[in-house]
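The values are calculated or read from the model by the stated rules, or taken from the named source; none is laboratory data. Since the model is a prediction, treat every value here as computed from it, not as a measurement. Counting neighbours? That spans all protein chains shown, and the Cβs are built from the backbone with ideal geometry, glycine included.
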Amino acid sequence: MNVRNLAQSLIRLILGGLFIFSGVIKMNDPIGFSYKLDEYFGADVFNLPFLQPLVLPLAVFLVTFEVVLGLLMLLGYLRAFTFWSMAGLMAFFTFLTFYSAYFNKVTDCGCFGDAIPLTPWESFTKDVVLSVLIALYFALGLRHVKPVMSRFWARGVMGLAVFAMAFFTNWVYNHLPVWDFRAYKPGTDIAKAMAPAEELGLTPPQYDVVYTLRKGDEVMEVSGTDYVDQKWWEKPEWVMDAEATRTVKVAEGYEPPVHDFSIAPGGVDQTDIWLAYPESYWLVAYDFDRADMAQLERLCAEFQKLHDAGIPVVGLTSSGPEAVAALAARTGTTFPWSNGDGTALKTIVRSNPGVTHLRQGVVQAHYHFNDFPAAE
């Protein structure tokens, strides 16, 4: 094997392997990937609201297509289609990650799901490297790519792969991710996961304010440190633009994986109390309007049984008090509800509604509404 063929084979292995790995990781949690797409299509980023109702089918299509391209690359089958499809995807995602990094819109691209969180600039760098590899792969000549098996067997492998992906995607959608990489995964001590860096003896991230100052048509950005040291407030000709002033991270540090979370029935923070119970259950329905209402009402009845048996149970939602009161009246339930941040609640369990079981604040298990109550 000459140098060209060796280099091309190595690039095929890298590209094919990464596309398959990235696709399977996101396929494990298609709902989580759909949340990330929803962020990109939101008003604060690309403002494409007409695509937001389509985020789940789009997420499933993208991760399936990603794995298919990875397999085609490894098999050396449909060479031109594979190259141009990969090049198109990488051009799109490179633009997406650059926009996200430069304008600080989405803090994690979701490229590898929750398994390998990447900062926006790390995501952009990764996409640039992959784009260069794709360009090199093309420069070495597509005609030199040799299939590893006959067309008949390649079609068989692709058919089996598509069937397996359909089965796997359907399973995790109707149950829960097979591999849980989230901050609330089973075994997590919520209190410890919420503890700030100072409490753990660690160094927190360091932030600084960047002031935008204007003098006529001149614009200058000054860090908070320089603003104080150079006494910019004593220069009246420079006017601060409050809307353009921003906070930036200047040094990495420990950040608690669990944040923006509390349990506060009736608006009274009782988080410590709930995390101290020997056993407790959370009914998580981050948004009633998007929940399977029949399943939510069924789970309310199951939770009322636990409540009547003296087991601490609480509902967690971002929906308003009126919606909670209406649900309680409709189901005849009396267990408490706490209002919280929708993004944090979506992270707890990938089911709306879903159930989380804890012992002394340590997550024991999560349940999709299709799997609760569990047999045990």
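In segment 320-335, is there at least one residue being part of a strand (DSSP E or B), within 22 Å of Ile273 (Cα to Cα), more than 23 Å from the chain's Cα centre (by Cα) and outside the structural domain of Asn170 (by TED's automatic domain parsing)? Walk me through how you get there before you give the answer.
Pass one, segment 320-335, residues part of a strand (DSSP E or B): none.
Taking every residue of segment 320-335 in turn, none turns out to be part of a strand (DSSP E or B), within 22 Å of Ile273 (Cα to Cα), more than 23 Å from the chain's Cα centre (by Cα) and outside the structural domain of Asn170 (by TED's automatic domain parsing).
Please tell me if Lys215 is farther than 30 Å from Ile348 by Cα, touching a residue at least 24 places away in the same chain (Cβ under 8 Å) and exposed (fewer than 13 other Cβ atoms within 10 Å of the Cβ). Please lay out each step first, then the result.
Details: farther than 30 Å from Ile348 by Cα: yes; touching a residue at least 24 places away in the same chain (Cβ under 8 Å): yes; exposed (fewer than 13 other Cβ atoms within 10 Å of the Cβ): yes.
Yes, satisfied.
Rundown of residues vs (1) among the hydroxyl-bearing types (Ser, Thr, Tyr); (2) surrounded by 19 or more Cβ atoms within 10 Å (Cβ to Cβ); (3) without any contact (Cβ under 8 Å) to a residue 40 or more places away in the chain; (4) not in a loop (DSSP other than H, G, I, E, B), yes/no style:
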| site | (1), (2), (3), (4) |
| --- | --- |
| Trp282 | no, yes, no, yes |
| Leu299 | no, yes, no, yes |
| Glu302 | no, no, no, yes |
| Thr347 | yes, yes, no, yes |
| Pro373 | no, no, no, no |
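Out of Ser338, Ser319, I need the residue that is out of contact with any Leu (no Cβ under 6 Å at 6 or more places or on another chain) and of a type in the set (Ser, Thr, Tyr). Which one?
The unique qualifying residue is Ser319.
So which of Thr245, Thr188 ends up being in contact (Cβ under 8 Å) with a residue 24 or more places away in the chain, polar (S, T, N, Q) and closer than 30 Å to Met165 by Cα?
Numbers: Thr245 fails: closer than 30 Å to Met165 by Cα.
That would be Thr188, the only listed residue that is in contact (Cβ under 8 Å) with a residue 24 or more places away in the chain, polar (S, T, N, Q) and closer than 30 Å to Met165 by Cα.
Just to be sure before I move on: is Ile263 under 21 Å from Val362 (Cβ atoms) and touching a Gly at 6+ places or on another chain (Cβ under 9 Å) in the structure I sent? Give the steps one after another, and end with the answer.
Numbers: under 21 Å from Val362 (Cβ atoms): yes; touching a Gly at 6+ places or on another chain (Cβ under 9 Å): yes.
It is true that Ile263 is under 21 Å from Val362 (Cβ atoms) and touching a Gly at 6+ places or on another chain (Cβ under 9 Å).
For segment 79-96, does any single residue satisfy the condition of being in contact with a helix residue (DSSP H, G or I) (Cβ under 8 Å, 6 or more places away or on another chain) and over 30 Å from Asn5 (Cβ atoms)?
Here is the first cut: in segment 79-96, the ones in contact with a helix residue (DSSP H, G or I) (Cβ under 8 Å, 6 or more places away or on another chain) are 79-83, 85-87, 89-91, 93-94, 96.
Checking which are over 30 Å from Asn5 (Cβ atoms) leaves us with 96.
Scanning segment 79-96, I find at least one residue that is in contact with a helix residue (DSSP H, G or I) (Cβ under 8 Å, 6 or more places away or on another chain) and over 30 Å from Asn5 (Cβ atoms), so the answer is yes.
Could you please let me know if Ala183 is touching a residue at least 60 places away in the same chain (Cβ under 8 Å), surrounded by 12 or more Cβ atoms within 10 Å (Cβ to Cβ) and outside any loop (DSSP other than H, G, I, E, B)? Reasoning before the result, please.
Numbers: touching a residue at least 60 places away in the same chain (Cβ under 8 Å): yes; surrounded by 12 or more Cβ atoms within 10 Å (Cβ to Cβ): yes; outside any loop (DSSP other than H, G, I, E, B): no.
Against the criterion (touching a residue at least 60 places away in the same chain (Cβ under 8 Å), surrounded by 12 or more Cβ atoms within 10 Å (Cβ to Cβ) and outside any loop (DSSP other than H, G, I, E, B)), Ala183 does not qualify.
Output the residue which, of all residues in segment 38-61 that are surrounded by fewer than 20 Cβ atoms within 10 Å (Cβ to Cβ) and among the aliphatic types (A, V, I, L, M), is farthest from Leu89 (Cα to Cα).
So the residue we want is Ala43.
State the number of residues belonging to segment 1-36 that are touching a Leu at 6+ places or on another chain (Cβ under 6 Å) and free of Cβ contacts under 8 Å to residues at least 40 places away in the same chain.
Residues meeting the conditions: 1.
Condition first: surrounded by fewer than 11 Cβ atoms within 10 Å (Cβ to Cβ) and within 10 Å of Leu213 (Cα to Cα). Now tell me which residues in segment 223-245 satisfy that.
Selection gives Glu237, Ala242.
With Gly16, Gly32, Gly70 as the choices, which residue is small (Gly, Ala, Ser), within 16 Å of the chain's Cα centre (by Cα) and part of a helix (DSSP H, G or I)? I'd like the intermediate steps shown before the answer.
On the way: Gly16 fails: within 16 Å of the chain's Cα centre (by Cα); Gly70 fails: within 16 Å of the chain's Cα centre (by Cα).
One residue alone meets the criteria, Gly32.
Against the condition at pLDDT below 85 and in a loop (DSSP other than H, G, I, E, B), how does Glu237 come out, does it pass?
Values: at pLDDT below 85: no; in a loop (DSSP other than H, G, I, E, B): yes.
In short, no.
Whether any residue in segment 83-101 is at pLDDT below 85, within 30 Å of Lys249 (Cβ to Cβ) and assigned to a loop (DSSP other than H, G, I, E, B) is what I want to check.
Checking segment 83-101: not a single residue is at pLDDT below 85, within 30 Å of Lys249 (Cβ to Cβ) and assigned to a loop (DSSP other than H, G, I, E, B).
Please work out if Ala154 is outside the structural domain of Leu62 (by TED's automatic domain parsing), in a helix (DSSP H, G or I), touching a residue at least 12 places away in the same chain (Cβ under 8 Å) and in contact with a helix residue (DSSP H, G or I) (Cβ under 6 Å, 6 or more places away or on another chain).
So Ala154 fails the test.
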